[in-house]
Amino acid sequence: MRPATDRRKRVTVVVAGRSPLPAATVARVARATLATARRPVVTLQVTWLTRPAMQRLHRTWKGQDRPTDVLSFALVAPDGTITGDVYICPAVARQQARAFGVPAREEAIRLVVHGALHVLGLDHPEGEARTRSAMWRAQERLVSRLA
C-alpha cells in the first residue's frame, strides 16, 4: 500500500493491489474527483482485485456471481466526513476498454472516477438511462479532463 496525502484538504488516497496505473495517477484522479464534492472525504482506498476476488466481493455484497468492473463503499462519520473504499478489477476494465473501443488507461481512470463518485453518494439508473444520468455526465467530464 502506498498512501499519498493532500495536506490542503487532508485527503489520504491509498492504492493497493496490482494497479494498471501508477499510484500517483490514481491518487491525482481520485483527489480531483473528490474535490467536486461538498462533503469532505478523509480517506479513499482504491484496491485493484483479480477477477476471482472481484467475483467473490460482487457475490457477497450484490448477490451477483460474476466479476464486475467497480464496487464502492462509503462510511459517513457523525461529523459528516466520509471514508471510502473502491474496488476495481483491471481484467474487466481491459475487457470493457476493448468492447468500448477506448484505451485501457482511459477505462481504468473512468473506473477510479466512477467509484469515487459513488463514494460521494452519486448514483445512476441501470440500463440505457445510465449513460444519460447526471452522474454519468459528471464522470465523463472528469475523465475527459483527467485521462
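So here's what we get for this one:
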quantity	calculated
Any pair with Cβ under 8 angstrom, 6 or more apart, that starts in the stretch 63-83 at a residue that is of a type in the set (D, E) and ends at one that is at pLDDT 95 or above and part of a loop (DSSP other than H, G, I, E, B)	D69/C89
Considering residues of the stretch 73-97 that are surrounded by fewer than 19 Cβ atoms within 10 Å (Cβ to Cβ) and closer than 17 Å to V13 by Cβ only, the residue nearest to the chain's Cα centre (by Cα)	D85
The one condition in (1) more than 16 Å from R105 (Cα to Cα); (2) among the charged types (D, E, K, R); (3) in contact with a Phe, Trp or Tyr (Cβ under 7 Å, 6 or more places away or on another chain) that R18 fails to fulfil	(1)
Residues that are at pLDDT below 90 and either in a helix (DSSP H, G or I) or among the hydroxyl-bearing types (S, T, Y) (or both), drawn from the stretch 93-134	G127, E128, A129, R130, T131, R132, S133, A134
G115 on the phi > 0 side of the Ramachandran plot and not polar (S, T, N, Q)	no
Any hit, the stretch 16-25, residues being surrounded by fewer than 17 Cβ atoms within 10 Å (Cβ to Cβ), part of a helix (DSSP H, G or I) and not basic (K, R)	yes
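The values are calculated or read from the model by the stated rules, or taken from the named source; none is laboratory data. Predicted model, so just to flag it, every value in this text is computed and none were measured. All Cβ positions, glycine included, derive from the backbone under ideal geometry; neighbour counts span all protein chains shown.
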